[in-house]
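In what follows, a structure is listed as C-alpha coordinates, so that the remarks can point back to it.
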Amino acid sequence: MRMSVIGCGYLGAVHAACMTELGHDVIGVDVDAAKIGALSVGEAPFYEPGLPELLTRALATGRLRFTTDIAEVSDYQVHFVCVGTPQRKGEYAADLRYVDAAVEALVPQLRGTADAPALVVGKSTVPVGTAARLAALVEELTPVGEHAILAWNPEFLREGFAVKDTLHPDRLVYGLPPGIAATTAETMLDEVYATPLAAPTPKVATDYATAELVKVAANSFLATKISFINAMAEVCELVGADVTQLADALGHDARIGRRFLGAGLGFGGGCLPKDIRAFMARAGELGADQALTFLREVDAINMRRRTRMVELTREELGGSLMGARIAVLGAAFKPDSDDIRDSPALNVAAQIGLQGGYVTVTDPEALDNARRLWPDLRFAATAEEAAENADVVLLLTEWAQYRELDPVKFGEVVRHKRILDGRNALDPATWRAAGWQYRALGRPRV
Ligand code: UGA
(Lines give C-alpha, C1' and ligand atoms only; values in the text may rest on other atoms or scores of the structure.)
Protein backbone atom coordinates (compact mmCIF):
# COMPACT_ATOMS: atom_id res chain seq x y z
CA MET A 1 0.00 0.00 0.00
CA ARG A 2 1.08 3.61 -0.46
CA MET A 3 1.19 5.37 2.86
CA SER A 4 2.45 8.53 4.51
CA VAL A 5 3.70 8.90 8.06
CA ILE A 6 3.27 12.40 9.49
CA GLY A 7 5.76 13.10 12.28
CA CYS A 8 9.11 11.29 12.26
CA GLY A 9 10.03 11.16 15.95
CA TYR A 10 10.49 8.02 18.07
CA LEU A 11 7.17 6.66 16.85
CA GLY A 12 6.95 7.87 13.24
CA ALA A 13 10.51 7.16 12.11
CA VAL A 14 10.26 3.58 13.35
CA HIS A 15 6.76 3.15 11.91
CA ALA A 16 7.85 4.44 8.47
CA ALA A 17 10.85 2.11 8.30
CA CYS A 18 8.85 -0.88 9.56
CA MET A 19 6.00 -0.31 7.09
CA THR A 20 8.57 -0.34 4.28
CA GLU A 21 9.94 -3.60 5.69
CA LEU A 22 6.40 -5.01 5.50
CA GLY A 23 6.38 -4.28 1.76
CA HIS A 24 4.61 -0.92 1.59
CA ASP A 25 5.57 2.25 -0.27
CA VAL A 26 6.14 4.93 2.36
CA ILE A 27 6.75 8.67 2.58
CA GLY A 28 7.73 10.17 5.96
CA VAL A 29 6.93 13.83 6.61
CA ASP A 30 8.25 16.11 9.35
CA VAL A 31 8.54 19.87 9.78
CA ASP A 32 12.09 19.43 11.14
CA ALA A 33 14.41 19.68 8.11
CA ALA A 34 17.44 18.38 10.06
CA LYS A 35 15.54 15.23 11.05
CA ILE A 36 14.36 14.66 7.47
CA GLY A 37 17.92 15.24 6.18
CA ALA A 38 19.30 12.61 8.57
CA LEU A 39 16.57 10.05 7.91
CA SER A 40 16.95 10.50 4.12
CA VAL A 41 20.54 9.26 4.33
CA GLY A 42 19.70 6.41 6.68
CA GLU A 43 20.72 8.08 9.95
CA ALA A 44 18.38 7.73 12.90
CA PRO A 45 18.06 11.10 14.68
CA PHE A 46 17.88 9.26 18.03
CA TYR A 47 19.26 6.04 19.48
CA GLU A 48 17.09 3.00 18.85
CA PRO A 49 18.66 -0.46 18.50
CA GLY A 50 18.19 -1.92 15.01
CA LEU A 51 16.75 1.26 13.50
CA PRO A 52 19.81 2.42 11.47
CA GLU A 53 20.12 -1.03 9.84
CA LEU A 54 16.40 -1.14 9.11
CA LEU A 55 16.44 2.39 7.66
CA THR A 56 19.35 1.56 5.38
CA ARG A 57 17.61 -1.56 4.16
CA ALA A 58 14.30 0.28 3.67
CA LEU A 59 15.90 3.19 1.75
CA ALA A 60 17.71 0.73 -0.52
CA THR A 61 14.36 -0.73 -1.67
CA GLY A 62 13.44 2.66 -3.15
CA ARG A 63 10.08 2.37 -1.35
CA LEU A 64 10.92 4.79 1.46
CA ARG A 65 11.58 8.50 1.26
CA PHE A 66 11.29 11.52 3.52
CA THR A 67 10.16 15.09 2.93
CA THR A 68 9.26 18.31 4.73
CA ASP A 69 6.57 19.07 2.15
CA ILE A 70 3.15 17.83 3.23
CA ALA A 71 1.77 18.41 -0.31
CA GLU A 72 3.76 15.36 -1.44
CA VAL A 73 1.41 13.01 0.42
CA SER A 74 -1.53 13.62 -1.91
CA ASP A 75 -1.01 10.56 -4.08
CA TYR A 76 -0.72 8.28 -1.05
CA GLN A 77 -3.73 6.48 0.31
CA VAL A 78 -3.20 5.77 4.02
CA HIS A 79 -1.84 8.50 6.32
CA PHE A 80 -0.50 7.75 9.80
CA VAL A 81 -0.47 10.64 12.25
CA CYS A 82 2.48 10.00 14.58
CA VAL A 83 3.19 13.39 16.17
CA GLY A 84 3.79 13.93 19.89
CA THR A 85 1.21 14.81 22.54
CA PRO A 86 3.36 16.20 25.38
CA GLN A 87 2.09 17.43 28.73
CA ARG A 88 0.90 21.06 28.61
CA LYS A 89 3.17 23.41 30.50
CA GLY A 90 1.90 23.97 34.03
CA GLU A 91 -1.03 21.59 33.58
CA TYR A 92 -1.78 17.87 33.62
CA ALA A 93 -3.62 17.84 30.29
CA ALA A 94 -2.09 16.76 26.98
CA ASP A 95 -1.04 19.39 24.48
CA LEU A 96 -2.86 18.51 21.26
CA ARG A 97 -1.56 21.34 19.13
CA TYR A 98 0.75 19.09 17.06
CA VAL A 99 -1.97 16.55 16.35
CA ASP A 100 -4.41 19.29 15.36
CA ALA A 101 -1.81 21.00 13.17
CA ALA A 102 -0.88 17.71 11.46
CA VAL A 103 -4.51 16.88 10.67
CA GLU A 104 -5.21 20.43 9.46
CA ALA A 105 -2.19 20.33 7.16
CA LEU A 106 -2.86 16.82 5.92
CA VAL A 107 -6.57 16.75 5.19
CA PRO A 108 -6.66 19.36 2.35
CA GLN A 109 -4.10 17.15 0.53
CA LEU A 110 -6.28 14.02 0.55
CA ARG A 111 -7.29 12.62 -2.85
CA GLY A 112 -9.67 9.78 -1.95
CA THR A 113 -12.21 8.37 -4.42
CA ALA A 114 -15.09 5.90 -4.14
CA ASP A 115 -12.80 3.07 -5.30
CA ALA A 116 -9.78 4.19 -3.31
CA PRO A 117 -10.77 6.19 -0.24
CA ALA A 118 -8.16 8.11 1.74
CA LEU A 119 -7.65 6.78 5.27
CA VAL A 120 -6.23 8.97 8.04
CA VAL A 121 -4.98 6.80 10.92
CA GLY A 122 -4.20 8.42 14.25
CA LYS A 123 -1.46 6.66 16.22
CA SER A 124 -0.59 9.38 18.74
CA THR A 125 -1.72 8.88 22.35
CA VAL A 126 -4.69 11.22 22.81
CA PRO A 127 -7.37 11.97 25.40
CA VAL A 128 -10.58 10.03 24.81
CA GLY A 129 -12.89 12.03 22.55
CA THR A 130 -10.11 13.38 20.33
CA ALA A 131 -10.75 11.00 17.42
CA ALA A 132 -14.43 11.96 17.25
CA ARG A 133 -13.47 15.64 17.26
CA LEU A 134 -10.86 15.09 14.54
CA ALA A 135 -13.30 13.06 12.43
CA ALA A 136 -15.52 16.17 12.33
CA LEU A 137 -12.48 18.23 11.35
CA VAL A 138 -11.63 15.79 8.54
CA GLU A 139 -15.20 16.03 7.29
CA GLU A 140 -15.01 19.83 7.34
CA LEU A 141 -11.63 20.20 5.65
CA THR A 142 -11.51 17.38 3.14
CA PRO A 143 -11.89 18.16 -0.54
CA VAL A 144 -13.13 14.60 -1.19
CA GLY A 145 -16.20 14.40 1.06
CA GLU A 146 -17.08 10.93 2.31
CA HIS A 147 -14.03 9.44 0.60
CA ALA A 148 -11.83 10.52 3.48
CA ILE A 149 -12.11 8.35 6.60
CA LEU A 150 -10.50 8.59 10.03
CA ALA A 151 -9.48 5.59 12.17
CA TRP A 152 -7.58 5.41 15.47
CA ASN A 153 -4.88 2.78 15.81
CA PRO A 154 -2.94 3.23 19.07
CA GLU A 155 0.68 2.21 19.23
CA PHE A 156 2.17 0.13 22.04
CA LEU A 157 5.86 0.10 21.12
CA ARG A 158 8.50 0.46 23.80
CA GLU A 159 11.61 2.54 23.22
CA GLY A 160 14.59 0.23 22.98
CA PHE A 161 12.39 -2.50 21.42
CA ALA A 162 10.57 -0.24 18.97
CA VAL A 163 11.47 -2.14 15.78
CA LYS A 164 10.54 -5.53 17.20
CA ASP A 165 7.34 -4.19 18.78
CA THR A 166 6.24 -2.61 15.48
CA LEU A 167 7.02 -5.62 13.29
CA HIS A 168 5.69 -8.13 15.82
CA PRO A 169 3.07 -6.30 17.91
CA ASP A 170 1.33 -8.21 20.72
CA ARG A 171 -2.03 -6.87 19.56
CA LEU A 172 -3.57 -4.53 16.99
CA VAL A 173 -6.34 -2.18 18.04
CA TYR A 174 -8.52 -0.40 15.50
CA GLY A 175 -10.81 2.43 16.56
CA LEU A 176 -13.31 2.59 13.69
CA PRO A 177 -15.85 5.23 12.63
CA PRO A 178 -19.56 4.54 12.89
CA GLY A 179 -21.51 3.25 9.87
CA ILE A 180 -20.28 1.60 6.69
CA ALA A 181 -17.01 3.55 6.75
CA ALA A 182 -16.00 1.13 9.54
CA THR A 183 -15.83 -1.80 7.11
CA THR A 184 -13.79 0.19 4.59
CA ALA A 185 -11.35 1.37 7.26
CA GLU A 186 -11.02 -2.12 8.75
CA THR A 187 -10.34 -3.69 5.35
CA MET A 188 -7.68 -1.09 4.60
CA LEU A 189 -6.00 -1.52 7.99
CA ASP A 190 -6.06 -5.30 7.53
CA GLU A 191 -4.15 -4.78 4.29
CA VAL A 192 -1.62 -2.51 6.03
CA TYR A 193 -1.06 -5.12 8.76
CA ALA A 194 -1.47 -8.25 6.60
CA THR A 195 1.91 -9.66 7.71
CA PRO A 196 1.51 -9.33 11.49
CA LEU A 197 -2.15 -10.41 11.24
CA ALA A 198 -1.02 -13.62 9.55
CA ALA A 199 1.42 -14.32 12.42
CA PRO A 200 -1.29 -14.38 13.90
CA THR A 201 -1.56 -11.21 15.99
CA PRO A 202 -4.76 -10.70 17.99
CA LYS A 203 -6.89 -7.83 16.71
CA VAL A 204 -9.53 -5.80 18.50
CA ALA A 205 -11.75 -3.77 16.16
CA THR A 206 -13.82 -1.31 18.13
CA ASP A 207 -15.07 2.27 18.31
CA TYR A 208 -12.91 5.40 18.61
CA ALA A 209 -13.39 5.93 22.35
CA THR A 210 -12.52 2.35 23.31
CA ALA A 211 -9.40 2.41 21.13
CA GLU A 212 -8.24 5.68 22.67
CA LEU A 213 -8.89 4.32 26.16
CA VAL A 214 -7.00 1.06 25.52
CA LYS A 215 -3.79 3.03 25.14
CA VAL A 216 -4.07 5.23 28.23
CA ALA A 217 -5.50 2.36 30.28
CA ALA A 218 -2.53 0.16 29.32
CA ASN A 219 0.01 2.81 30.29
CA SER A 220 -1.88 3.56 33.50
CA PHE A 221 -1.87 -0.12 34.40
CA LEU A 222 1.87 -0.42 33.78
CA ALA A 223 2.54 2.72 35.84
CA THR A 224 0.33 1.36 38.63
CA LYS A 225 2.20 -1.95 38.64
CA ILE A 226 5.54 -0.17 38.98
CA SER A 227 4.27 2.11 41.72
CA PHE A 228 2.68 -0.84 43.52
CA ILE A 229 6.01 -2.61 43.83
CA ASN A 230 7.72 0.65 44.75
CA ALA A 231 5.15 1.14 47.53
CA MET A 232 6.07 -2.36 48.70
CA ALA A 233 9.72 -1.28 48.55
CA GLU A 234 8.96 1.56 50.96
CA VAL A 235 7.52 -0.94 53.43
CA CYS A 236 10.38 -3.39 52.84
CA GLU A 237 12.91 -0.70 53.72
CA LEU A 238 11.23 -0.18 57.09
CA VAL A 239 11.12 -3.84 58.07
CA GLY A 240 14.34 -5.08 56.52
CA ALA A 241 12.60 -7.16 53.83
CA ASP A 242 13.82 -7.64 50.27
CA VAL A 243 11.53 -6.24 47.56
CA THR A 244 13.24 -8.15 44.74
CA GLN A 245 12.46 -11.49 46.41
CA LEU A 246 8.97 -10.25 47.18
CA ALA A 247 8.51 -9.41 43.47
CA ASP A 248 9.90 -12.81 42.42
CA ALA A 249 7.45 -14.57 44.70
CA LEU A 250 4.51 -12.43 43.57
CA GLY A 251 5.51 -12.92 39.95
CA HIS A 252 5.17 -16.70 40.18
CA ASP A 253 1.44 -16.14 40.44
CA ALA A 254 0.49 -16.17 36.76
CA ARG A 255 -2.37 -13.78 37.52
CA ILE A 256 0.16 -11.19 38.68
CA GLY A 257 3.28 -11.90 36.58
CA ARG A 258 6.82 -10.66 37.25
CA ARG A 259 7.07 -8.11 34.43
CA PHE A 260 6.91 -4.44 35.45
CA LEU A 261 7.49 -5.40 39.08
CA GLY A 262 11.02 -4.02 38.84
CA ALA A 263 11.32 -1.92 42.01
CA GLY A 264 13.70 1.01 42.02
CA LEU A 265 13.77 4.59 40.93
CA GLY A 266 10.43 4.31 39.15
CA PHE A 267 9.12 5.28 35.76
CA GLY A 268 10.00 8.23 33.57
CA GLY A 269 10.15 8.92 29.85
CA GLY A 270 7.90 10.66 27.37
CA CYS A 271 4.89 8.38 27.94
CA LEU A 272 3.96 6.89 31.31
CA PRO A 273 4.23 10.07 33.44
CA LYS A 274 2.42 12.39 31.04
CA ASP A 275 -0.14 9.78 30.03
CA ILE A 276 -1.37 9.14 33.58
CA ARG A 277 -1.60 12.90 34.15
CA ALA A 278 -3.45 13.55 30.89
CA PHE A 279 -5.82 10.68 31.76
CA MET A 280 -6.57 12.25 35.16
CA ALA A 281 -7.14 15.64 33.51
CA ARG A 282 -9.50 14.11 30.95
CA ALA A 283 -11.39 12.15 33.61
CA GLY A 284 -11.85 15.44 35.47
CA GLU A 285 -13.36 17.06 32.38
CA LEU A 286 -15.69 14.10 31.99
CA GLY A 287 -16.84 14.25 35.61
CA ALA A 288 -15.10 10.95 36.43
CA ASP A 289 -12.18 12.30 38.44
CA GLN A 290 -12.95 9.98 41.37
CA ALA A 291 -12.43 6.96 39.14
CA LEU A 292 -8.82 7.95 38.61
CA THR A 293 -7.76 9.54 41.89
CA PHE A 294 -5.63 6.45 42.54
CA LEU A 295 -3.38 7.59 39.67
CA ARG A 296 -2.49 10.64 41.76
CA GLU A 297 -1.08 8.22 44.33
CA VAL A 298 0.68 6.23 41.60
CA ASP A 299 2.34 9.46 40.48
CA ALA A 300 3.21 10.48 44.06
CA ILE A 301 4.79 7.10 44.93
CA ASN A 302 6.82 7.37 41.74
CA MET A 303 8.09 10.87 42.47
CA ARG A 304 8.89 9.90 46.10
CA ARG A 305 11.41 7.33 44.86
CA ARG A 306 13.53 10.12 43.40
CA THR A 307 13.57 12.07 46.67
CA ARG A 308 14.31 8.86 48.56
CA MET A 309 17.33 8.24 46.36
CA VAL A 310 18.68 11.71 47.14
CA GLU A 311 18.12 11.10 50.88
CA LEU A 312 19.78 7.69 50.72
CA THR A 313 22.81 9.31 49.07
CA ARG A 314 22.95 11.94 51.80
CA GLU A 315 22.72 9.22 54.48
CA GLU A 316 25.51 7.20 52.90
CA LEU A 317 27.69 10.29 52.89
CA GLY A 318 27.17 10.83 56.60
CA GLY A 319 24.50 13.49 56.41
CA SER A 320 25.73 16.00 53.84
CA LEU A 321 26.06 16.16 50.08
CA MET A 322 28.20 19.29 50.22
CA GLY A 323 31.42 18.85 48.29
CA ALA A 324 31.07 15.06 48.01
CA ARG A 325 32.05 13.48 44.70
CA ILE A 326 29.10 11.55 43.32
CA ALA A 327 29.18 9.41 40.18
CA VAL A 328 25.88 8.82 38.44
CA LEU A 329 25.69 5.86 36.06
CA GLY A 330 22.89 6.49 33.58
CA ALA A 331 21.12 9.56 32.22
CA ALA A 332 18.50 8.05 29.89
CA PHE A 333 15.06 7.29 31.36
CA LYS A 334 15.76 3.62 30.70
CA PRO A 335 18.49 1.52 29.08
CA ASP A 336 18.80 1.16 25.29
CA SER A 337 17.47 4.66 24.73
CA ASP A 338 18.97 8.15 24.53
CA ASP A 339 15.66 9.65 25.63
CA ILE A 340 15.99 11.84 28.72
CA ARG A 341 12.42 13.10 28.89
CA ASP A 342 11.43 13.05 32.58
CA SER A 343 14.43 10.85 33.30
CA PRO A 344 14.49 9.74 36.96
CA ALA A 345 18.29 9.42 36.75
CA LEU A 346 18.85 13.01 35.62
CA ASN A 347 16.27 14.28 38.07
CA VAL A 348 18.21 12.70 40.96
CA ALA A 349 21.56 13.89 39.56
CA ALA A 350 20.26 17.45 39.24
CA GLN A 351 18.72 17.47 42.75
CA ILE A 352 22.01 16.30 44.26
CA GLY A 353 23.93 18.85 42.20
CA LEU A 354 21.64 21.65 43.37
CA GLN A 355 22.16 20.55 46.97
CA GLY A 356 25.91 20.92 46.76
CA GLY A 357 27.08 17.51 45.53
CA TYR A 358 29.84 17.38 42.93
CA VAL A 359 28.03 15.17 40.40
CA THR A 360 29.50 13.52 37.33
CA VAL A 361 27.05 11.74 35.04
CA THR A 362 27.82 9.11 32.43
CA ASP A 363 25.63 7.31 29.91
CA PRO A 364 26.47 5.28 26.80
CA GLU A 365 24.04 7.14 24.52
CA ALA A 366 22.23 10.01 26.24
CA LEU A 367 25.10 12.39 27.12
CA ASP A 368 24.53 14.86 24.28
CA ASN A 369 20.86 15.19 25.18
CA ALA A 370 21.66 15.41 28.90
CA ARG A 371 24.29 18.08 28.37
CA ARG A 372 21.83 20.22 26.43
CA LEU A 373 19.24 20.05 29.20
CA TRP A 374 21.57 20.28 32.23
CA PRO A 375 24.66 22.24 31.13
CA ASP A 376 25.63 22.75 34.78
CA LEU A 377 26.19 19.07 35.52
CA ARG A 378 29.53 17.41 34.72
CA PHE A 379 29.66 14.57 32.24
CA ALA A 380 32.10 11.74 31.56
CA ALA A 381 32.30 9.28 28.69
CA THR A 382 32.72 6.10 30.76
CA ALA A 383 31.72 4.70 34.14
CA GLU A 384 35.39 4.59 35.17
CA GLU A 385 35.94 8.27 34.34
CA ALA A 386 32.75 9.31 36.09
CA ALA A 387 33.69 7.33 39.18
CA GLU A 388 37.26 8.57 39.50
CA ASN A 389 37.81 9.41 43.19
CA ALA A 390 34.06 9.18 43.82
CA ASP A 391 32.76 9.07 47.38
CA VAL A 392 29.67 7.23 46.22
CA VAL A 393 28.44 5.69 42.95
CA LEU A 394 24.75 5.76 42.01
CA LEU A 395 23.44 3.26 39.46
CA LEU A 396 20.34 4.99 38.13
CA THR A 397 19.78 3.55 34.62
CA GLU A 398 20.51 -0.17 34.30
CA TRP A 399 22.46 -0.30 31.01
CA ALA A 400 24.00 -3.75 30.40
CA GLN A 401 27.54 -2.34 30.69
CA TYR A 402 26.80 -1.10 34.22
CA ARG A 403 25.18 -4.38 35.26
CA GLU A 404 28.30 -6.15 34.06
CA LEU A 405 30.84 -3.91 35.82
CA ASP A 406 33.55 -5.87 37.61
CA PRO A 407 33.30 -4.67 41.23
CA VAL A 408 36.96 -5.51 41.91
CA LYS A 409 38.39 -3.51 39.00
CA PHE A 410 35.81 -0.74 39.34
CA GLY A 411 36.72 -0.46 43.04
CA GLU A 412 40.20 0.68 42.07
CA VAL A 413 39.03 4.00 40.60
CA VAL A 414 36.79 5.26 43.42
CA ARG A 415 37.78 6.98 46.67
CA HIS A 416 35.18 5.12 48.74
CA LYS A 417 33.64 1.82 47.71
CA ARG A 418 30.01 2.80 48.22
CA ILE A 419 27.35 1.98 45.66
CA LEU A 420 23.63 2.77 45.66
CA ASP A 421 21.73 0.57 43.25
CA GLY A 422 18.70 2.59 42.16
CA ARG A 423 17.49 -0.15 39.82
CA ASN A 424 18.13 -3.34 41.80
CA ALA A 425 20.31 -4.36 38.90
CA LEU A 426 23.44 -5.62 40.67
CA ASP A 427 24.12 -8.71 42.74
CA PRO A 428 24.59 -7.42 46.31
CA ALA A 429 26.64 -10.45 47.41
CA THR A 430 29.23 -10.03 44.63
CA TRP A 431 29.65 -6.31 45.31
CA ARG A 432 29.86 -6.77 49.06
CA ALA A 433 32.40 -9.56 48.61
CA ALA A 434 34.56 -7.09 46.64
CA GLY A 435 34.52 -4.73 49.63
CA TRP A 436 31.74 -2.42 48.55
CA GLN A 437 29.16 -0.93 50.85
CA TYR A 438 26.07 -1.82 48.78
CA ARG A 439 22.62 -0.32 49.30
CA ALA A 440 19.50 -0.46 47.17
CA LEU A 441 15.95 0.82 47.22
CA GLY A 442 13.71 -1.69 48.97
CA ARG A 443 16.43 -4.04 50.15
CA PRO A 444 17.89 -4.65 53.58
CA ARG A 445 21.19 -3.03 54.47
CA VAL A 446 23.81 -5.25 55.97
C1 UGA B 1 5.73 2.74 27.46
C2 UGA B 1 4.87 1.46 27.30
O3 UGA B 1 5.55 0.36 27.91
C4 UGA B 1 4.63 1.16 25.82
O5 UGA B 1 3.78 0.02 25.70
C6 UGA B 1 3.95 2.37 25.18
O7 UGA B 1 3.74 2.17 23.79
C8 UGA B 1 4.85 3.59 25.36
O9 UGA B 1 5.08 3.82 26.77
C10 UGA B 1 4.16 4.78 24.76
O11 UGA B 1 3.13 5.21 25.31
O12 UGA B 1 4.55 5.23 23.69
P13 UGA B 1 8.34 3.27 27.22
O14 UGA B 1 8.01 4.62 27.73
O15 UGA B 1 9.22 3.13 26.02
O16 UGA B 1 6.99 2.47 26.85
O17 UGA B 1 9.08 2.50 28.40
P18 UGA B 1 8.75 1.32 29.41
O19 UGA B 1 9.53 0.13 29.05
O20 UGA B 1 7.29 1.16 29.63
O21 UGA B 1 9.39 1.93 30.75
C22 UGA B 1 8.86 3.12 31.32
C23 UGA B 1 9.58 3.46 32.59
O24 UGA B 1 9.26 2.53 33.62
C25 UGA B 1 11.10 3.48 32.50
O26 UGA B 1 11.59 4.62 33.18
C27 UGA B 1 11.52 2.21 33.23
O28 UGA B 1 12.78 2.33 33.82
C29 UGA B 1 10.42 2.09 34.27
N30 UGA B 1 10.20 0.71 34.76
C31 UGA B 1 9.78 -0.26 33.90
C32 UGA B 1 10.38 0.43 36.10
O33 UGA B 1 10.74 1.31 36.90
N34 UGA B 1 10.16 -0.84 36.54
C35 UGA B 1 9.76 -1.83 35.71
O36 UGA B 1 9.56 -2.96 36.18
C37 UGA B 1 9.57 -1.53 34.36
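Give me the dipole magnitude in Debye, nearest 20, for the chain about the Cα centre, with unit charges on the beta carbon: positive for Lys and Arg, negative for Asp and Glu.
The calculated dipole for the chain is roughly 1220 debye.
So, for segment 2-201, what is the accessible surface per residue at a probe of 1.4 Å, expressed in square angstrom?
So segment 2-201 comes to 40 Å² accessible per residue, rounded to a whole number.
Using 0.36 nm per residue of separation minus the Cα-Cα distance, give me the extension gain between Ala241 and Ala288 in nm, one decimal.
Net length gain for the segment: 13.2 nm.
For Ala105 and Arg171, what does the FRET efficiency come to when R0 = 22 Å and r is the distance between their Cβ atoms, rounded to the nearest 0.05?
My answer for the efficiency is 0.15.
Could you check how much of the accessible area of the chain is carbon and sulfur, as a whole percent, using a 1.4 Å probe?
Percent of accessible area from carbon and sulfur atoms in the chain: 55.
Compute the separation of the alpha-carbon centres of segment 419-437 and segment 7-56 and state it in Å as a whole number.
One Cα centre to the other: 39 Å.
Quick one: work out the % antiparallel among DSSP beta bridges in segment 2-201, nearest 5.
Restricted to segment 2-201, the bridges split so that about 10 percent are antiparallel.
Read phi for every residue in segment 188-199 and hand back ³J(HN,Hα) as whole Hz from Karplus 6.51 cos²θ - 1.76 cosθ + 1.60, θ = phi - 60°, with x for Gly and Pro.
5, 5, 4, 6, 4, 9, 3, 5, x, 4, 6, 4
With just the Cα atoms defining each centre, how far is segment 299-339 from segment 280-296? Give it in Å.
Centre-to-centre distance over Cα atoms comes out at 30 Å.
Can you give the Kirkwood hydrodynamic radius for the chain, in Å, rounded to one decimal and based on Cα pairs?
Here the Kirkwood hydrodynamic radius works out to 23.4 Å.
I need the phi-derived Karplus couplings for segment 423-436: 6.51 cos²θ - 1.76 cosθ + 1.60, θ = phi - 60°, integer Hz, Gly and Pro marked x.
Taking θ as phi minus 60°, the curve returns 10, 6, 9, 10, 8, x, 4, 5, 5, 5, 4, 8, x, 8 Hz for segment 423-436.
Using +1 on the beta carbon of Lys and Arg, -1 on that of Asp and Glu, and nothing else charged, what's the dipole of segment 2-201 about the Cα centre, debye to 20?
The dipole magnitude comes to about 260 debye.
Tell me which GluC sites (Glu not before Pro) from segment 10-66 have a DSSP coil assignment and no more than 16 other beta carbons within 10 Å of their own.
Taking segment 10-66 and a limit of 16 other Cβ atoms within 10 Å, the loop GluC sites (Glu not before Pro) found are Glu43.
Near Cys271, within a Cβ-to-Cβ distance under 12 Å, what is the net charge of the other residues, with Lys and Arg +1 and Asp and Glu -1?
Overall, the nearby charge balance is +1.
Is the C-alpha gyration tensor of segment 2-201 telling us rounded, prolate or oblate? Criteria: a/c under 1.5 is rounded; beyond that, a/b larger than b/c is prolate, otherwise oblate.
rounded
With an 8 Å Cα cut-off and a minimum separation of 6 or more residues, compute the relative contact order for segment 236-382 in percent.
19 percent
Computed FRET efficiency, Cβ-Cβ of Gln355 and Arg88, R0 25 Å: what is it to the nearest 0.05?
0.30
If I take every Cα pair under 8 Å that is 6 or more residues apart in segment 398-446, average their sequence separation and divide by the length, what percent do I get for the relative contact order?
37 percent
Contour minus end-to-end for Asp32 and Arg403, with contour as 0.36 nm per residue of separation and end-to-end as the Cα-Cα distance?
129.9 nm
Around Ala241, with a cut-off of 15 angstrom between Cβ atoms, what is the net charge of the other residues, counting Lys and Arg +1 and Asp and Glu -1?
Residues close to Ala241 contribute a combined charge of -1.
Subtracting the Cα-Cα distance from 0.36 nm times the residue separation, let me have the gained length for Glu388 to Arg371 in nm, one decimal.
4.2 nm
Can you tell me what share of the DSSP beta bridges in the chain is antiparallel? A percent to the nearest 5 is fine.
5 percent
With respect to the cross-link table entries Lys35/Lys123; Lys225/Lys417; Lys215/Lys274; Lys225/Lys274, which display a Cα-Cα separation exceeding 22 Å?
Over 22 Å Cα-Cα: Lys225/Lys417.
For the chain, what relative contact order do you get, as a whole percent, if you take Cα pairs closer than 8 Å and at least 6 residues apart?
Contact order relative to length: 12 percent.
Output wanted: per-residue J couplings in Hz (rounded whole) for segment 230-246, from phi through Karplus 6.51 cos²θ - 1.76 cosθ + 1.60, θ = phi - 60°, x for Gly and Pro.
Karplus-based 3J(HN,Hα) across segment 230-246 equals 6, 5, 4, 4, 4, 5, 4, 4, 6, 10, x, 8, 10, 5, 6, 6, 4 Hz.
Answer with one residue from Gly160, Met3, Pro108: the one whose Cα lies farthest towards the positive end of the charge dipole of segment 2-201, charges on Cβ with Lys, Arg +1 and Asp, Glu -1.
Ranked along the dipole, the leading option is Gly160.
Measuring from centroid to centroid over Cα atoms, what is the spacing of segment 154-216 and segment 81-114 in Å?
19 Å
Local charge sum around Arg432 (other residues, Cβ-Cβ under 13 Å, Lys/Arg +1, Asp/Glu -1)?
Around Arg432, the surrounding residues sum to +3.
As a check on your grasp of the helix formula, calculate [θ] at 222 nm for the chain: sum -39500 (n - 2.57) over DSSP H runs of n ≥ 4, divide by the residue count, round to the nearest 500.
-13000 deg cm²/dmol
The values are calculated or read from the model by the stated rules, or taken from the named source; none is laboratory data. Because the structure is predicted, anything quoted here is derived from the model rather than measured. Don't worry about glycine lacking a Cβ; one is built from the backbone with ideal geometry, like all the others, and counts go over all protein chains shown. These accessible areas exclude ligands, DNA and RNA; they are computed on the full protein's heavy atoms, side chains included. Shrake-Rupley method; radii C 1.70, N 1.55, O 1.52, S 1.80 Å.
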